[in-house]
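Report on the following structure.
The values are calculated or read from the model by the stated rules, or taken from the named source; none is laboratory data. Small disclaimer: the values here were computed from a predicted structure and weren't measured. Neighbour counts are summed over all protein chains in view; Cβ atoms, including those assigned to glycine, are modelled from backbone coordinates with ideal geometry.
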Amino acid sequence: MRGQGAAAEVLLVSAKKDPRQWIFPKGHVEPGESAAEAALRELREEGGVAGRIIRPIGVSTYESGRITVKVSYFLVRYSRAVLTTETRRRRWRTFSKARDLVAFDDARALVDKAERLLRKRA
């Protein structure tokens, strides 16, 4: 996320499988990498953004074929844009607009939780 107060925005990227869907950057944890390190790497690769982790924000579980996938999400403060070779579309949106755009209910819940956490910090 970037900005503060009502002007705070969330970064969304287009999904690889269905580019019409908006999601949060995410991916697999590489060998020797923590979930937090993977989150920052995926943010750089998919979102073209470097940032600093504020805190873990939640876990999402979904089915991908026959496999259950568990994704750990982190609230990350934007630091700067970085070069990426990914071709995903990127959108910065306010919390309310991000809530309307994200493709899945669990993502909407994460938007709500992030907004609540940031209000408490203000």
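For GLU45, only one of the following conditions fails: (1) closer than 17 Å to SER14 by Cα; (2) modelled with pLDDT under 95. What is its number?
Result: GLU45 fails condition (2) only.
Mind listing whichever residues of the stretch 31-51 are in a helix (DSSP H, G or I) and either surrounded by 21 or more Cβ atoms within 10 Å (Cβ to Cβ) or not charged (D, E, K, R) (or both)?
ALA35, ALA36, ALA38, ALA39, LEU40, LEU43, GLU46, GLY47
Is it true that some residue in the stretch 89-99 is within 18 Å of PRO25 (Cβ to Cβ), in contact with a Lys or Arg (Cβ under 8 Å, 6 or more places away or on another chain) and aromatic (Phe, Trp, Tyr)?
Yes, the stretch 89-99 contains at least one residue that is within 18 Å of PRO25 (Cβ to Cβ), in contact with a Lys or Arg (Cβ under 8 Å, 6 or more places away or on another chain) and aromatic (Phe, Trp, Tyr).
Please verify whether ARG116 is touching a helix residue (DSSP H, G or I) at 6+ places or on another chain (Cβ under 9 Å), assigned to a helix (DSSP H, G or I), closer than 22 Å to GLN4 by Cβ and among the charged types (D, E, K, R), treating the condition exactly as stated.
In short, no.
What are the residue pairs meeting all of these: first residue in the stretch 97-119, first residue farther than 15 Å from ILE57 by Cα, second residue hydrophobic (A, V, I, L, M, F, W, C) and part of a helix (DSSP H, G or I), Cβ atoms under 7 Å, and 6 or more apart or on different chains?
ALA98/VAL111; ARG99/VAL111; VAL102/VAL111
Being crowded, with 16+ Cβ neighbours inside 10 Å and within 21 Å of ALA6 (Cβ to Cβ) is the requirement here; does LEU110 meet it?
Against the criterion (crowded, with 16+ Cβ neighbours inside 10 Å and within 21 Å of ALA6 (Cβ to Cβ)), LEU110 qualifies.
For the condition small (Gly, Ala, Ser) and surrounded by 12 or more Cβ atoms within 10 Å (Cβ to Cβ), what is the one hit in ALA7, ALA15?
So the residue among ALA7, ALA15 that is small (Gly, Ala, Ser) and surrounded by 12 or more Cβ atoms within 10 Å (Cβ to Cβ) is ALA15.
Taking GLY27 as meeting all but one of (1) within 22 Å of ARG119 (Cα to Cα); (2) within 12 Å of the chain's Cα centre (by Cα), write down the number of the exception.
(1)
Can you confirm whether the stretch 68-90 contains a residue that is charged (D, E, K, R), at pLDDT 95 or above, buried (at least 17 other Cβ atoms within 10 Å of the Cβ) and within 12 Å of the chain's Cα centre (by Cα)?
Within the stretch 68-90 (the criterion being charged (D, E, K, R), at pLDDT 95 or above, buried (at least 17 other Cβ atoms within 10 Å of the Cβ) and within 12 Å of the chain's Cα centre (by Cα)), the answer is yes, since at least one residue qualifies.
Any residue at all in the stretch 12-21 that's of a type outside the set (S, T, N, Q), within 11 Å of the chain's Cα centre (by Cα) and modelled with pLDDT of 95 or more?
Yes, the stretch 12-21 has at least one match.
Does the stretch 68-83 include one or more residues that are in a helix (DSSP H, G or I) and over 20 Å from GLN4 (Cβ atoms)?
no
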